[in-house]
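S.K.: Take this structure, written in structure tokens, and hold onto it; I'll ask about it next.
Derivation of every value follows stated rules applied to the coordinates shown; laboratory data play no part. Please read all numbers here as calculations on a predicted model, not as lab measurements. Every residue, glycine among them, receives a Cβ derived from its backbone with ideal geometry; neighbour counts consider all protein chains shown.
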Amino acid sequence: MNTDQYFDPLVISRLSNLQLRARHVVEGLMSGVHRSRSRGFSVDFEEHRAYSPGDELRHIDWKAYGKFDRYLVKQYEDETNLYAHLVVDASASMDFGDGPLSKYAYAATLSSAMAHLLLGQSDSVGLVVSHEFEDMQVPPKSIRKHLLTLLAGLQAATPSGGTGIARSMLAVAERLKRRGLVVIVSDLLDDPEAVEKALKLLCLKGNDVIVFHILDSVELEFPFEGLARMDDVETDRNITVECEVVKRPYLGLLEEFLEQTRERCADLGVDYHLVSTAEPLDRGLIRFLAWRSRSRV
Amino acid sequence: MSFQFLHGALLWGMGLVFLPILIHLLRRRLVRRHRLPTFEFLLRTQRRITNRSRLRNWILLFLRLCAVGLIIFLASRPLLETEGGVAGVGWFPAHTVAVIDNSASMAFQTEKGSRFDVTKRAVRRMIEDMSDADRMSITMTVGESAAAPLKELKRKDAFAALEQVHQTDGKGAPARVVQHALENASPKAGRRNIVVFSDFARGDWESFQIRNLKQWNPHVHLQFVRVAPEAGVEDLSLRDVKMKPWPPKAGFSFTIGARVFNRGEEKKSKVPVKLYVGEELQETIEVDLDPNEASPVSFRVNAPEKGVLYGRLELPEDNLSTTNWFYFAAGIGKRLRALVIDGDPKRGIQDSETFFVVNALSAAPLGGESPVLTHVVASYELNKVGWDEYDYVIACNLGRWPAQAKQQLRSFVEKGGGLFWATGELSSEKSAGLGWLPGTTRGPVTLRPSRSLKIAQGEGAHPVFSFLGTSGGRFFSALRLARITPLEPARGGRTLLELPDDTPVLVVGSVGAGRVLVWGSTCDRDWTDLAVRPVFVPFMRGVSDFLGGSRKGVSSSADAGDAFEIRAPIRRVGEAIQIRGPAQEERAIQFMEKTPGPESARADGLRLGKSGGGAAVAYYRGADRAGFYRVLTPDEKHFVAVNAPASESKISPVEMSTFKEKLEKLDVRDLPANDSDPLRSILSLIDLGVLLFLALGGIFVAEAFLADRT
């Protein structure tokens, strides 16, 4: 797999002018556009980065300007606005897709775009790839090179087994020492109560939680016809159904599930976003960030 | 109650009922596999809907099976057959056409009156069963109503119309009437029925073919009711009545021959067959009749000199009286006119053959007139003869004569004239140029010693000898013949008289429509003493009777049910005459001018007679009963004998198996004479098309509703 596959140039070009703003004041060390409760202790220089509008003038390295004739801003290792954790579901149910991208591929692409965006703002980004019983973790860092590590982690994962997203979320909640942003990218086909419990814990710890609920268009629309044998992708179970007969009640149950999830997220203050794999990848992201920027500056 | 199907073969398509099941099974074989991450939702869905869905699916399958079955059932056009009349129900008033066979054979007596009476009772019961919305038409197989427009009658009017229906002695035309009813059954009625009541006697129905019906409408229920078949066919009937010659000549006798047929299963002994001339019993012959056998009877009647000869043959009363009588009537016309040709006119009159012949033919009873008018001509006068004025010709010793006359004589005979050809010294077949005679001559032969004559074997009853009584042979054996021209029968001729050595002397035969006798001797005393023997007069009278009888005349008789005509001179056009029928009913008819031509003949449906040109003619169309129809004009005495058509004596019914083959899917039911409720024999056929169509619509709606629900 080529790592560039998660960086659709079109997606990145559309996101470059948008800024992600945290809804709450999060604990951080950086001095940036984000307001932080603890002023930074950042001292270890790591690298320069190009000045971008919004950076304070005082952070411009004038010496470097004299040397390279370009505005550069000093980047310190400890300079972070936000600790973000991307929790990506890699259960077998995510290895499903009617279009060119499976749900996991879609989730990985979305996560990569988020990581790229966050790292571009010097936020620390960590990754948790969720499996049924154990997770693959990448600790958060804010350096740009870290993106490659994140991408490697996403690539290394193979969707399989049952869903363990609730367990992974709980683990993340327990592990986090600071408040930050937790992005959940999953189909949430887990025990709803457990998922709610995990989300509640994350929120109680003061995290800003965003849920990207990834579902395939086939799951959302049930376009099958006639008599069909349906196989569960995570177990060996199957049933034979008359598609026209079960379609309506199935869609009703699914809608009920989505509505419950949406309500629970709303109750907890979790940003919930349902994403269909049929939607262009960038469109959902832009819509989400635009909504975020309008309501949480 | 049972089903009939107009297109029963389509029921084989009922196998298609299982098509939905087949489609279902085939679909199961074509099931596709899909993976679904949200399987849990599907599983919960399936659990939730399974019970309801399964029941609904079974109902759907059942409805689809029913729909396919109903479509096939509907296509086969099911008809529900129920007993008990043809009255309409609810929104479907009925129009019923009752076709009543009123032909002669329906007069057959049963224990409850005639078959016709039984039919009327049944029709009356049908009328009583009518609802106010129903309509009925009544038509008959004999009479003018057979072709009249059908009147759709309410109950009250139908009763009145039924009272007008009467028994006739005519022959029915069932095919024409049924066709008429089929074409005219009201299309507005919800249900249309045609009920034909008949005995299905062969006379009427033997030639009936359902395929001859020009228009067959499957929406009209046509059923046939066989009336009182249990009454059987036991009957004595007169059949094949023949009268020769007909019409009779004044003063001449004629024979009435008939066959008496016993249709019963028992032998009948000494059945009297009576001949009435006028109103007087003339003669009775008793015959013995074996079961299902016929015996011939024959009467001889002497025609009066003038006036009208009428009478009847009569059998004892039995089940079907109309076949027990045969009426005859004829006006006695002109006397026979004979042309006597003298081939040897030089001889003295007392030696002339014509002298003896004319005297023999002119013999008359005391105070009476001779039945024959003779005209003698010499052979050289033949060119002046008007041949058509004569009934027959007696040619004596005719040798040389004009060639034109030879041709005229032949033409005269071929058209029906008679010829007695007597040979002699001058005469020979060759010299006469008559190669067409039924006997050839071989030249005169002298007989030494002279010989007598005998009647050829089996010819004793020939009409030539009819005036000799039973001892004709004795008369001829007393004759002496000294010289003859031996004959040899040719061209279909046969010997009537011959010498003891079987040499033919008198040969009879036919040429065209005419009769010819060739006598191998003379009619004077030269070769034989026949002319001076007592046998000569009755012999010549027999010859005259035989030869003159071949002329055809106009018979004043008709079949019941047909119109008959009365002719008169043209001057009587416009004049009305009164006719009195056998039931003393009187009716006036008027003479009209009748000009010959096929169009006029077609117009009144009658065949033109020979004298049709420029005559006045009056038609009587109401003669549907057998008997005498008399013209009541004071100065006129005219009888027309009307008899049941000969075919009406064929009263045994057509074979029901044959009839059913002809009628295929049609109903034939029996109506016993003693049935207390005749309606039981009358079927009602309800077309289930509308009901089934509604049911099918209901099934489609239910199917669509359930399918949509699922």
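S.K.: Amide H neighbours of B:LEU320 under 5 Å, counting only residues 5+ apart in sequence or on other chains, H built in-plane at 1.01 Å?
M.R.: Excluding prolines and chain starts, which carry no amide H, the hits are B:GLN109, B:LEU236.
S.K.: Same structure, new question: Can you give me the relative contact order of chain B as a percent, contacts being Cα pairs under 8 Å and 6 or more apart? Mind dumping the intermediate values first?
M.R.: Numbers: 1563 pairs, mean separation 114.2, N = 710.
Relative contact order of chain B: 16 percent.
S.K.: Listing B:THR50, B:THR255, B:THR45 from the residue with the fewest other Cβ atoms within 10 Å to the one with the most, what is the order? If you can, show how the numbers build up before the last one.
M.R.: Numbers: B:THR50 14, B:THR255 18, B:THR45 25.
Lowest to highest Cβ neighbour count: B:THR50, B:THR255, B:THR45.
S.K.: Please give me the summed charge of the neighbours of B:VAL532: other residues whose Cβ is under 14 Å from its Cβ, Lys and Arg +1, Asp and Glu -1. Spell out each step's value before the answer.
M.R.: Working: positive: B:ARG480, B:ARG525, B:ARG533; negative: B:ASP351, B:GLU353, B:ASP524, B:ASP526, B:ASP529.
Overall, the nearby charge balance is -2.
S.K.: Continuing with this model, one more query. Once amide H atoms are placed 1.01 Å from N in the peptide plane, what residues at a sequence separation of 5 or more from B:ILE194, or on another chain, have their amide H within under 5 Å of its amide H?
M.R.: Those lying under 5 Å, H to H, from B:ILE194 are B:VAL97, B:HIS221, B:LEU222, B:GLN223.
S.K.: Okay, moving on. Provide the per-residue ³J(HN,Hα) series for region B:62-73, in order, calculated from phi with Karplus coefficients 6.51, -1.76, 1.60 and θ = phi - 60°, each as a whole number of Hz, with x at glycine and proline positions.
M.R.: Rounded to whole hertz, the list is 4, 5, 5, 4, 4, 4, 5, x, 5, 4, 5, 4.
S.K.: Another one. Going Cα to Cα from B:LYS244, which aspartates and glutamates come in below 20 Å? Please leave out same-chain ones fewer than 8 positions away.
M.R.: Partners found: B:GLU283, B:GLU305, B:GLU314, B:ASP391, B:GLU414, B:GLU459, B:ASP545, B:ASP559.
S.K.: Of B:LYS242/B:LYS650; B:LYS120/B:LYS154; B:LYS242/B:LYS406; B:LYS120/B:LYS660; B:LYS154/B:LYS660, which ones are farther than 27 Å apart at the Cα?
M.R.: Going by Cα-Cα distance, B:LYS242/B:LYS406; B:LYS154/B:LYS660 fall outside the 27 Å limit.
S.K.: Hey, another quick one. Put +1 on the Cβ of every Lys and Arg and -1 on every Asp and Glu Cβ in chain B; which of B:PRO486, B:ALA641, B:THR139 then has its Cα farthest towards the positive end of the dipole?
M.R.: Result: B:THR139.
S.K.: Charges only on Cβ, +1 for Lys and Arg, -1 for Asp and Glu: so what's the dipole of chain B about the Cα centre, in debye to the nearest 20?
M.R.: Roughly 3580 debye, rounded to the nearest 20.
S.K.: Another question about this same structure. Rounded to the nearest 10 degrees, what's the angle between the helix B:155-164 long axis and the longest principal axis of chain B, both from Cα atoms, 0 to 90?
M.R.: Between the helix axis and the principal axis of chain B, the angle is about 20 degrees.
S.K.: Using only DSSP helix segments of four residues or longer, with each worth -39500 (n - 2.57), what per-residue ellipticity at 222 nm results for chain B after dividing by its residue count and rounding to 500?
M.R.: Estimated from H runs of four or more residues: -7500 deg cm²/dmol.
S.K.: Continuing with the same structure: For chain B, which span is the longest to avoid every loop-located (per DSSP) member of chymotrypsin sites (Phe, Trp or Tyr not before Pro) having at most 12 other Cβ atoms inside 10 Å?
M.R.: The reported range is B:217-710.
S.K.: List, in order, the whole-Hz ³J(HN,Hα) value for each residue of region A:207-216 obtained from phi through the Karplus relation with A = 6.51, B = -1.76, C = 1.60 and θ = phi - 60°; use x for Gly and Pro.
M.R.: Rounded to whole hertz, the list is 7, 8, 10, 10, 10, 9, 8, 8, 9, 7.
S.K.: Around A:VAL87, which amide H atoms from residues at least 5 apart in sequence, or from another chain, sit under 5 Å from its own amide H, with H modelled in the peptide plane?
M.R.: A:VAL128, A:VAL183, A:ILE184, A:VAL185
S.K.: Using the Karplus curve 6.51 cos²θ - 1.76 cosθ + 1.60 with θ = phi - 60°, work out ³J(HN,Hα) for each residue of region B:380-394 in order, rounded to whole Hz, and write x for Gly and Pro.
M.R.: 6, 9, 5, 5, 8, 7, x, 4, 5, 7, 10, 8, 7, 10, 10
S.K.: Nearest 5 is fine: what % of DSSP beta bridges in region B:336-548 come out antiparallel, could you say?
M.R.: Bridges in region B:336-548 that DSSP calls antiparallel: roughly 50 percent.
S.K.: Which of rounded, prolate or oblate describes region B:435-478 when judged by the alpha-carbon gyration tensor and an a/c cut-off of 1.5? Kindly include the intermediate steps, with their values, before the conclusion.
M.R.: Values: a/c = 3.15, a/b = 1.29, b/c = 2.43.
It comes out oblate by the Cα gyration axes.
S.K.: Counting only DSSP beta bridges with both residues in chain B, tell me the antiparallel percent, nearest 5.
M.R.: Numbers: 88 of 138 bridges.
Of those bridges, close to 65 percent are antiparallel.
S.K.: Hey, another quick one. May I ask which of B:LYS274/B:LYS415; B:LYS249/B:LYS270; B:LYS112/B:LYS268 have a Cα-Cα span longer than 31 Å here?
M.R.: Flagged as over cut-off: B:LYS274/B:LYS415; B:LYS249/B:LYS270.
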